[in-house]
Amino acid sequence: MSISILLGRRPLSGLFGRSVDMGAQMEGISRAGRCPLEKRGCGGCPMLSLPYEEQLKRKQAKLEELLGKFGPVAPILGMEHPWHYRNKVISSFAWGPGKNLVSGIYAQGTHRVVPVEQCLLHREVLDQAVAAVRQAAREFRYQPFDENRRTGLIRHVLCRHSLSTGEVLAVLVTASPVLPGARAFAARVKELCPAIVTLAQNVNPRPGSAVLGDREKILYGRGYIEDVLCGVKFRIAPSSFYQINPVQTEVLYSTAISAARLTGKERVLDAYCGVGTIGLSAAAHAGSVVGVELNRSAAACAVDNAKANNIRNARFRCGDAAAFLDGMAARGEQLDVVFLDPPRAGSTPVFLDALCRVSPARAVYISCNPETQRRDLEYLAARGWRAESIQGVDMFPHTEHIETVAVLTRRR
């Protein structure tokens, strides 16, 4: 499939009609467009009451306000079917009425669990997987962890879905490494939900909001699932970073790779590369790719993903992206294209200064936070860079989050 086809570039009007009609038919939404969970304290979809067309208009206006002075802002790329797009679910355990085990999402601003049976954003099979683990936990009389009293056993269940295979990975997070009847429990989960092809136990005894701990054991299966993104196969383990919306991720990455104007000869850097999703997707269009990632586990996964796909022109390093690029600049090494996809906090002056010294022909800045991206574009604009284009992608319909792709070149 060509990049131009994957882009799916259509005017906003072409994305609305079917989406809005579909939204009106979704189970659990009233005529006002509200979900029953919202009344019980769930804050996961703050824009749900707005028609999808209006959501996109508001996000477009925000991008133009924040980033319009740096370059032209193209119409945001929305989803044709903006429902059931999440491939990852975290459900927290608690006692419900009558000492009945429930699981769900924390009410906004609290640690009170709002029980969730179905969600309009989750892949339906993920809700089924959570229900299976919850039912098996009830049958085995596992008690939910109480973070104040430090009692109980089970804390969360995390489930991940592969769009390409339909398979599900489930992780039961416990406060203790001892899981009574673990083998029988695993067999019961598999019986209740055959889509769960691998089940793991993660041990997290520490207080705080972090979901996963450092210890893990496989109860059955391989311990990972695989998905295909932009024609590249990726391994998804419990702690792997992987984009939540695979449909829009293809749009996002295809937009970024197309904007880089690769001819097959370029030297490319994939900064903040995670498990190598952008770099490996771009490798077929570049001469060589080097990816840099600070998280050791993610960097190792990137190496494994390159080997699994027999991609020989991409290599990956574990290290700080700013220090790596600064070292390249000090050695006088050259790059043609730099992809940078930093965390929500944005990039750093050290990285941006090194980018200026290496001076690639093009930098493609992918951001999950337009506000920190604006700060970084201010820094680069003062040093002779301009934005050829800025493209918004709606990765998280019904929320306020926006992803952007800014294509940057040096002024002559």
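The values are calculated or read from the model by the stated rules, or taken from the named source; none is laboratory data. These numbers were taken from a predicted model, which means no experiment stands behind them. No Cβ is skipped: glycine too gets one built from the backbone with ideal geometry, and neighbour counts run over all protein chains shown. Protein only, heavy atoms only, side chains kept; ligands, DNA and RNA dropped before computing areas. Shrake-Rupley method; radii C 1.70, N 1.55, O 1.52, S 1.80 Å.
The set of residues in segment 264-282 that are among the small types (Gly, Ala, Ser) and either farther than 16 Å from Ala363 by Cα or surrounded by fewer than 17 Cβ atoms within 10 Å (Cβ to Cβ) (or both) comprises Gly264, Gly274, Gly276, Ser281. The set of residues from segment 318-345 being assigned to a strand (DSSP E or B) and under 24 Å from Leu252 (Cα atoms) comprises Val337, Val338, Phe339, Leu340.
All of (1) of a type outside the set (A, V, I, L, M, F, W, C); (2) free of Cβ contacts under 8 Å to residues at least 60 places away in the same chain; (3) open to solvent by 40 Å² or more (accessible area, probe 1.4 Å) hold for Thr198 with one exception: (3). What is the number of the single condition among (1) under 24 Å from Pro342 (Cβ atoms); (2) out of contact with any helix residue (DSSP H, G or I) (no Cβ under 6 Å at 6 or more places or on another chain); (3) at pLDDT 95 or above that Ala237 does not meet? That leaves (3) as the condition not met. Of the residues making up segment 201-220, those that are within 13 Å of Pro177 (Cβ to Cβ) and part of a strand (DSSP E or B) are Gln201, Asn202, Val203, Arg215, Glu216, Lys217, Leu219.
In segment 352-369, is there at least one residue being touching a residue at least 12 places away in the same chain (Cβ under 8 Å), over 20 Å from Asp270 (Cβ atoms) and in the same structural domain as Arg296 (by the TED database)? Within segment 352-369, not a single residue is touching a residue at least 12 places away in the same chain (Cβ under 8 Å), over 20 Å from Asp270 (Cβ atoms) and in the same structural domain as Arg296 (by the TED database). One residue alone among Ser49, Ser92 is hydroxyl-bearing (Ser, Thr, Tyr) and closer than 23 Å to Ile225 by Cα, and that residue is Ser92. Could you give every pair whose Cβ atoms fall below 6 Å, whose first residue belongs to segment 171-194 and is within 19 Å of Gln128 (Cα to Cα), and whose second residue is open to solvent by 10 Å² or more (accessible area, probe 1.4 Å) and of a type in the set (Phe, Trp, Tyr), counting only separations of at least 6 or pairs across chains? From residues that are within 19 Å of Gln128 (Cα to Cα), the pairs are Phe185/Phe140; Ala186/Tyr220. Only one of the numbered conditions (1) among the β-branched types (Val, Ile, Thr); (2) under 24 Å from Thr151 (Cα atoms); (3) touching a helix residue (DSSP H, G or I) at 6+ places or on another chain (Cβ under 8 Å) is violated by Val211, and that is (3).
For segment 51-84, the tally of residues that are touching a helix residue (DSSP H, G or I) at 6+ places or on another chain (Cβ under 8 Å) and within 15 Å of Ser367 (Cβ to Cβ) stands at 8.
No other residue among Tyr220, Tyr224 is hydroxyl-bearing (Ser, Thr, Tyr), open to solvent by 40 Å² or more (accessible area, probe 1.4 Å) and either within 22 Å of the chain's Cα centre (by Cα) or modelled with pLDDT of 95 or more (or both) apart from Tyr224.
In segment 141-167, what residues are modelled with pLDDT of 95 or more, farther than 30 Å from Thr249 by Cβ and open to solvent by 30 Å² or more (accessible area, probe 1.4 Å)? Scanning segment 141-167 gives Arg141, Gln143, Phe145, Gly152. Those strands (runs of 3 or more DSSP E) of segment 43-116 in which at least 1 residues are under 26 Å from Thr249 (Cα atoms), considering only elements entirely within it, cover 73-77, 88-96, 100-106. Has segment 96-106 got any residue that is open to solvent by 10 Å² or more (accessible area, probe 1.4 Å), closer than 16 Å to Leu37 by Cα and in contact (Cβ under 8 Å) with a residue 60 or more places away in the chain? Looking for residues that are open to solvent by 10 Å² or more (accessible area, probe 1.4 Å), closer than 16 Å to Leu37 by Cα and in contact (Cβ under 8 Å) with a residue 60 or more places away in the chain, one finds at least one in segment 96-106, hence yes.
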